[in-house]
Structures are given as C-alpha cells and as structure tokens.
Amino acid sequence: MSRNDTTQEWPLWEVFVRPKAGLDHKHCGSLHAPDAPMALQLAREVYTRRQEGCSIWVVPSSQITASDPGDKDMYFDPMEDKVYRHPTFYVLPEAVDHM
Amino acid sequence: MYTQAMDTAPKEERKAVRSLEEAELERRFDAKIDEGGFIEAKDWMPEHYRKTLVRQISQHAHSEIVGMLPEANWVTRAPTLKRKTILLAKIQDEAGHGLYLYSAAETLGTSRDELLAALHSGKAKYSSIFNYPTLTWADVGVIGWLVDGAAIMNQVPLTRCSYAPYARAMVRICREESFHQRQGFDALNVMMREGTPEQRAMVQDATNRWWWPSLMMFGPPDGESVHGAQSARWGIKRISNDDLRQKFIDATVEQAKVLGVSLPDPDLKWNEARGHHDFGPIDWSEFWRVVGGDGPCNRERLGARVKAWDDGAWVREAALAHARKQATAKEAA
C-alpha cells in the first residue's frame with residue numbers, strides 16, 4: 001500500500017458531544033475511522049477521557065453541508081438592521097417593563 | 001507539547017507578483033488579524049500562512065506522538081501500580097493531543113497520510129527533546145516537571161493563535177497538560193522526601209541531564225529564529241522564544257528549591273536590575289546536531305514510529321475492507 005494513497009485512508013468523521021443531560025450536543029472535533037461503530041468508540045477515547053460528555057454523535061464529514069464563508073455578508077448582514085426582532089427595541093412604561 | 005521546530009525549516013520565498021484580487025483578499029486578511037480576529041478553515045488565507053501552519057501544527061502533532069516513546073520505556077517498570085496507571089493515562093493523553101493536532105492540520109488541506117509520510121521519511125521534524133533517552137525512573141518525573149512545564153509555557157500563548165482550529169485544539173491540550181506537569185513534580189517530590197540517598201541522587205542526575213535540552217525546547221534565540229517575525233505578524237506566535245525561555249527559567253528556579261535539587265548552571269543567579277534570572281550560554285551546536293538527526297535516539301525513535309505504522313497496515317486495511325463489506329451488505333438488504 002502506498003503511503004500517499006488516500007483511498008486507503010479511513011474516512012473523516014465529525015464528533016459532537018453532549019456535555020451533560022439537558023444541554024445540546026456540541027461539535028468538538030474530528031477523527032478518522034473505518035465505520036460508524038469504530039468512530040463512536042474512537043470518539044469516546046479521544047474526546048471524553050475526563051467525563052466531558054454523556055452522549056456522542058458521529059457524522060461522516062462528507063455528509064455535512066456548510067454555508068460558504070464567501071457568502072457570509074450576503075447571508076447574515078440582512079439581519080443587522082432588524083432591531084425590532086429584539087425585545088429591547090420596545091420601550092414600555094416602567095410599571096410593565098419587566099414583562 | 002512542543003512546537004520549537006517551526007523555527008528550523010528553510011525559509012520560503014514569497015511570490016513577488018500577485019493579482020489585484022489577491023492583494024485585496026490579503027489586505028482584508030491582514031486587517032482581520034490586526035483586529036485580533038480568528039481565521040477559520042474555509043476562509044481565504046495567504047498560501048504562505050497556510051504552509052507555515054501546516055508545518056507548525058504537524059510538527060507539533062508529530063512531537064506528541066513521538067513523545068510517547070521515551071515514556072513508554074517505563075510503563076512496565078513503573079515502581080507502583082499507581083504510578084503505572086498515571087503514566088498510562090499521560091501517554092494516552094499524548095496520543096489524544098497528537099490526534100487533535102493532526103485534525104487541525106488536516107483542515108488546511110493536507111491529508112493525514114501525507115502528514116505521516118512526511119514524518120516517516122524524515123522530511124518533517126518533531127521536537128528535539130524526544131531524542132534523549134529515559135535512563136531511570138526519575139527521568140519520567142523530570143519529563144513531567146521540566147519538559148511538560150516548558151511545553152505549557154510554549155503552548156498557552158498558542159490558545160490565542162489566529163488560526164482558530166489550532167487555537168481550539170490548544171485550549172483542550174493546555175487543560176490536560178497541567179496534570180502532566182503536576183504528576184511529574186509529585187513523583188519527584190516523593191523520591192526526594194521519602195526516598196533513599198540513591199533515589200535522591202537519581203532525581204538530581206535526571207535534572208542535570210534534562211535541564212539544558214528543556215531550555216532548547218523554546219527554539220533558537222530570537223535573532224536567529226527564521227520564522228519569528230512573520231509568525232508574530234500573523235498572530236501565530238504571540239511571545240518570542242527568548243521571552244518564553246526566561247519566563248520558564250524564572251518559574252523553575254523556585255520549583256527546584258522546593259524540590260531540593262540544584263540546576264546545572266553555575267551562572268544561574270537572580271538579577272535584581274532585570275527582575276529576572278541570568279543564566280549561562282546554551283550549547284546551540286548540540287541543538288542543531290539533534291535537530292539535524294544526530295541526537296542520542298533519533299534513529300531509534302523514527303525507526304519505532306515507522307515500524308508501528310508498517311506493522312499496523314494490515315489492521316487498517318482489514319478494518320476498511322470490513323466496513324466496505326458491511327456497507328455493501330446493507331445496501332443489498
């Protein structure tokens with residue numbers, strides 16, 4: 001096997017860990033594994049050696065669709081001037097301001 | 001730990017001619033760095049920034065992996081079951097640190113196998129400190145205290161590195177590295193407090209042998225550092241080699257006193273005017289010799305890595321073949 005033959009490289013997986021019950025799973029890194037059960041096993045060894053989690057998701061990296069950083073302005077800037085979407089936009093009488 | 005070797009690769013020339021568009025992208029990139037912003041994997045970055053990071057992060061990863069070898073020498077000979085479990089946990093951490101870092105390097109577009117091939121062919125470097133032998137049990141303690149101590153000094157500023165995947169890996173590593181240093185000091189402290197005269201002499205001998213190589217871990221003096229200025233401009237390296245080295249020496253002198261060992265440098269003394277310890281000259285010819293491949297254990301270390309990789313080839317292939325077979329069977333069902 002040639003050392004640079006990437007078809008022989010184990011596929012890449014993204015790892016998501018739930019730190020404790022009640023919290024969301026959070027992306028914490030990636031790893032190489034031949035299949036899903038091995039990816040889970042390796043994720044446990046690599047990312048939860050000190051009880052950092054109580055649940056793990058693994059997803060093949062190739063299955064993730066991400067927004068293009070080049071489109072960042074076009075994508076996210078339109079929300080910048082929609083201040084009326086925030087509760088702080090509304091000035092209410094003091095008596096009811098804590099609603 | 002261990003990023004010193006970034007300073008030892010040949011200097012690469014930057015392209016003189018750039019397109020207008022590229023110049024604009026670079027201007028924006030520079031502005032982001034100046035604001036203290038982070039660069040993510042898919043963001044535009046200058047080719048030279050990318051190369052510098054691949055080199056530095058992969059050298060760092062290789063160092064974590066090769067760094068397991070000197071410690072592994074003592075797993076079967078640790079003095080108690082407690083020390084053995086601690087050592088195993090530490091070595092497992094080093095493997096984990098290597099994996100976090102390889103993942104960070106891969107985000108820059110170089111495959112894991114390419115990175116490993118560069119290590120195995122001798123093209124990529126790893127920290128020169130791991131080319132020294134671990135002769136006694138005290139060496140394991142001194143590696144924790146001095147080598148991991150120097151590593152932490154080096155690594156903490158990297159948690160603020162401009163390349164975000166590297167910075168995130170470093171946050172995780174720094175959190176775990178503190179255990180490495182403390183367990184080392186604790187192991188030595190027990191030998192000094194409760195040990196025999198021979199055991200105390202062993203701690204002193206190990207300290208003597210590891211002191212100077214530990215100081216070399218911070219890399220060449222600032223004046224001779226090949227990549228220092230550019231890396232500082234790009235927010236990759238936040239504190240200079242010499243400043244970090246001084247900080248390490250100042251911290252370690254006090255720790256040596258508590259432990260009850262001397263440091264092997266007759267010129268080491270407090271300088272009131274500078275507010276730092278003065279220290280004797282470092283033998284940089286030794287450093288360059290070891291980096292160049294001629295240290296006490298270079299061949300042994302690299303040989304062990306290549307053998308482990310080659311011997312494991314059938315396992316990697318079998319696991320992949322099994323996975324493909326399962327996937328095909330599932331599709332057919």
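At a glance:
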{"quantity": "Amide hydrogen neighbours beyond the local backbone of residue A:29, cut-off 5 Å, H modeled", "calculated": "A:15"}
{"quantity": "Chain A - percent relative contact order, Cα under 8 Å, separation 6 or more", "calculated": "25 percent"}
{"quantity": "Computed over region B:239-296: relative contact order in percent, which uses C-alpha pairs under 8 Å that are six or more apart", "calculated": "22 percent"}
{"quantity": "Listed residues B:262, B:19, B:103, most fluctuating in chain B (Gaussian network, C-alpha, under 10 Å)", "calculated": "B:19"}
{"quantity": "Computed over chain B, the ratio Rg/Rh where both radii use C-alpha atoms and Rh is Kirkwood", "calculated": "1.01"}
{"quantity": "Residues in region A:24-63 that, when all protein chains are in place, have 10 Å² or more less accessible area than the chain alone would give (probe 1.4 Å)", "calculated": "A:28, A:30, A:32, A:34, A:35, A:45, A:46, A:47, A:49, A:50, A:52"}
{"quantity": "For region B:267-290 and region B:167-233, distance of Cα centres in Å", "calculated": "16 Å"}
{"quantity": "Considering only the protein assembly as shown, percent of DSSP beta bridges that pair antiparallel, nearest 5", "calculated": "95 percent"}
{"quantity": "Inter-site label distance for residue A:26 and residue B:300 at 7 Å from Cα along Cβ, in nm", "calculated": "4.2 nm"}
{"quantity": "Amide H contacts of residue B:39 (H built 1.01 Å from N, under 5 Å, at least 5 apart or other chain)", "calculated": "B:163, B:164"}
{"quantity": "Nearest-20 debye value, region B:214-257 charge dipole, Cβ charges on Lys, Arg, Asp, Glu", "calculated": "180 debye"}
{"quantity": "Rounded accessible area per residue of chain B, 1.4 Å, Å²", "calculated": "46 Å²"}
{"quantity": "Where B:156, B:203 fall by accessible area, highest first, once all protein chains stay in place (1.4 Å)", "calculated": "B:156, B:203"}
{"quantity": "Selected from B:128, B:187, B:144, residue furthest toward positive end of dipole (region B:122-206; charges at beta carbon)", "calculated": "B:128"}
{"quantity": "Whole-Hz couplings from phi, Karplus 6.51/-1.76/1.60, listed for region A:53-70; x for Gly and Pro", "calculated": "x, 10, 7, 10, 10, 10, 9, x, 4, 5, 8, 8, 9, 10, 5, 7, x, x"}
{"quantity": "Distribution of pairwise C-alpha distances over chain A, 5 Å bins, in %", "calculated": "2, 10, 14, 12, 11, 11, 11, 10, 8, 5, 3, 2, 1, 1, 0, 0"}
{"quantity": "Residue B:238/residue B:325 FRET efficiency (R0 51 Å; Cβ-Cβ; nearest 0.05)", "calculated": "0.55"}
{"quantity": "Dipole of the protein assembly as shown, positive end: most advanced residue of B:333, A:19, B:48 [Cβ charges, Cα centre]", "calculated": "B:333"}
{"quantity": "Farthest toward positive dipole pole in the protein assembly as shown [+1 Lys/Arg, -1 Asp/Glu at C-beta], among B:66, B:111, B:155", "calculated": "B:66"}
{"quantity": "Cα-based radius of gyration of the protein assembly as shown once divided by 2.2 N^0.38 Å, which approximates compact folds", "calculated": "1.11"}
{"quantity": "Estimated [θ] at 222 nm from DSSP helical runs (n ≥ 4, -39500 (n - 2.57)) normalised by residues in the protein assembly as shown, nearest 500", "calculated": "-16500 deg cm²/dmol"}
{"quantity": "Heavy atoms of residue B:217: accessible area, 1.4 Å probe, square angstrom to 10", "calculated": "0 Å²"}
{"quantity": "Value of relative contact order over chain B, rounded to a whole percent, pairs C-alpha under 8 Å and six or more apart", "calculated": "22 percent"}
{"quantity": "Label-to-label distance, nm, for residues given as residue B:123 and residue A:81 (7 Å Cα→Cβ offset)", "calculated": "5.2 nm"}
{"quantity": "Choice from B:268, B:88, B:53 with maximal GNM fluctuation in chain B (Cα, 10 Å cutoff)", "calculated": "B:268"}
{"quantity": "Accessible area of region B:191-323 belonging to carbon and sulfur atoms, whole % at 1.4 Å probe", "calculated": "57 percent"}
{"quantity": "Area buried, chain B against chain A - accessible surface, total, 1.4 angstrom probe, square angstrom", "calculated": "2200 Å²"}
{"quantity": "Size of electric dipole in region B:20-176: Cβ of Lys, Arg +1 and of Asp, Glu -1, about Cα centre, debye, nearest 20", "calculated": "720 debye"}
{"quantity": "Sites residue B:288 and residue B:18, calculated FRET efficiency, Cβ-Cβ separation with R0 41 Å, nearest 0.05", "calculated": "0.75"}
{"quantity": "Charge dipole magnitude, Cβ of K and R +1, D and E -1 - chain A, Cα centre, debye nearest 20", "calculated": "600 debye"}
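The values are calculated or read from the model by the stated rules, or taken from the named source; none is laboratory data. On a predicted model such as this, the values are computed, not experimentally measured, just so you know. Cβ sites come from the backbone with ideal geometry, for glycine too, and all protein chains shown count toward neighbours. Protein only, heavy atoms only, side chains kept; ligands, DNA and RNA dropped before computing areas. Shrake-Rupley method; radii C 1.70, N 1.55, O 1.52, S 1.80 Å.
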